[in-house]
Amino acid sequence: MKHATIAALCLLLGGGVLAQEGDSTAVRKKMFSYSEFTGEIEGSYRYFPEESLYPGQHEEYFSSAFQPKLYLEWNDGKQSFNFQGFARLDQYDNQRTHADIREMYWQKVFRTWEMSVGLKKIFWGVTESNHLVDIINQSDGVEGFDLEQKLGQPMVHLSFAPSWGTVDMFILSYFRELTFPGEQGRLRPPFQINYDDVTFESDNEEWQPEFALRWSNSISVFDIGLSHFYGTSRTPIFNTVVDTSFNISFTPHYELINQSAIDLQASTGSMLWKVEAIHRESKRKTITAITAGGEYTFSNLFRSGIDVGILAEYLFDDRGQELITGFNNDIFLAARIALNDKQSTDFLGGVTIDRDTDAQLLFAQANRRLGETWKVSLDYSGFGNIPEDDFLYLIRKDGFVQVTLIKYF
């Protein structure tokens, strides 16, 4: 029975080879022309120097995370299977203790196009401070305030690459909600979020079919992408709910949107010019947003081998106070340093300044390899001069320092 199952898997995956008794190793070799199992394990310590704003929160948090990755290839490289898992265990925050399948999809390569089916991560965007056009995947809101980490998205993805560019088509089959840190977590709002009564504009709720299309190409010094998305907005608006005991909670509501976007990058010597812009329509309102700027790199500074990049971007979004990031009329300034040493030491730090209120969001990141399979990361995030009418005022004392040790395998 064991070998019959292996043989059936061979036929299913395109191996087409029957096993002889006791020859399971040969079967595996013929099933997959290439296989790789990798991943990482990390331990993090996060310290909040300021006293918490809300009951139940703490100054110190320990957590650990595990990210396994599996890649299988067969049929002369024309078919493959990709898996990337994620799990985090947090000392106090039950919302941050979670697991997710980041990617798990089958891919088939044809002569001029390819198809992927399953859970996948897709990234669009070129700017450093804000990724307006990146809309396919939902953010993993408990992993970080910057919303850079993404959840796996079920999809059918078709990609076609004629001579005039690359065309990507997506059919998305299930919507995933945005979650925030729990009651004992930091970087959370003071109010209770009711995840049990989430509402949707669509009668199909989380099963609303979604569609996306993107064309991209490189023309001379320009890399350009044009995209359109129809489906459920990844960021909710919140409705106030008062129960019979006069307890107030906020219920997320997800609208249907049409979003057209452009991302453009131009490379002119040591200067990179970057633009992302969107136009979004819903029944409730129409919005426009843009992030534009650039990065200038001083390569091999003073013949030291060190590269230093200076970044500046402008962020505009007419959603105003609806934005949970607060980036509605801001200037982003930062510096990137790469030592280009054997340990791949690098640093990125800067500030986002609100042009209307002078509110400041500060950050710094440093990374360094330790040997062949270890890395240490240091992160800082802080807030300054936050006004009372800004969303960030709700987390104004949640600046933190974090040290992370990562083991790759």
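The values are calculated or read from the model by the stated rules, or taken from the named source; none is laboratory data. Fair warning: this is a prediction, and the values are worked out from it, not measured in the lab. Here the Cβ is made from the backbone with ideal geometry for all residues, glycine too, and neighbour counts use every protein chain on show. Heavy atoms of the whole protein, side chains included, go into the accessibility calculation; ligands, DNA and RNA do not. Shrake-Rupley method; radii C 1.70, N 1.55, O 1.52, S 1.80 Å.
Over every Cα atom in the chain, the radius of gyration and the widest Cα-Cα span, Dmax, amount to 23.5, 75 Å. Return the single residue from Asn340, Asn239, Asn247 with maximal mean-square fluctuation; model: Gaussian network over the chain, springs between Cα atoms under 10 Å. Maximum fluctuation in the GNM of the chain, among the listed residues, is at Asn247. Build a GNM of the chain with springs between Cα atoms under 10 Å apart, and of Pro252, Pro154, Pro387 the one that fluctuates most is Pro387. Per residue, the range 73-144 exposes an accessible area of 42 Å² to a 1.4 Å probe, with every protein chain left in place. Taking a point 7 Å from the Cα of Thr345 along the Cα-to-Cβ direction, the residues of the range 369-402 with backbone N closer than 20 Å to it are 369-380, 402.
Structure note, pairs Lys121/Lys375; Lys69/Lys274; Lys274/Lys407; Lys283/Lys397; Lys78/Lys274; Lys108/Lys274: Cα-Cα distances above 28 angstrom occur for Lys69/Lys274; Lys274/Lys407; Lys283/Lys397; Lys78/Lys274; Lys108/Lys274. For the range 67-136, the convex hull drawn through the C-alpha positions has a volume of 136 cubic angstrom per residue. Note on the chain: helix-only mean residue ellipticity at 222 nm, from DSSP H runs of 4+ residues weighted -39500 (n - 2.57) and normalised by residue number, equals -1500 deg cm²/dmol. Once the mean of 1/r is taken over each pair of separate Cα atoms and inverted, the range 250-347 shows a Kirkwood hydrodynamic radius of 16.1 Å.
Separation of the range 296-374 from the range 235-277 is 21 Å, based on Cα centroids. Backbone amide hydrogens, once placed in the peptide plane, bring Gly39 within less than 5 Å of Lys69, Phe409, excluding anything fewer than 5 places away on its chain. Surface composition of the chain: carbon plus sulfur atoms hold 57% of the accessible area, using a 1.4 angstrom probe and ignoring ligands, DNA and RNA. What the Cα convex hull of the range 283-409 gives, in volume per residue, is 147 Å³.
Rg then Dmax, both in Å and based on the Cα atoms of the range 177-261: 18.1, 64. Expressed in Å, the radius of gyration and Dmax of the Cα atoms of the range 312-355 are 14.8, 45.
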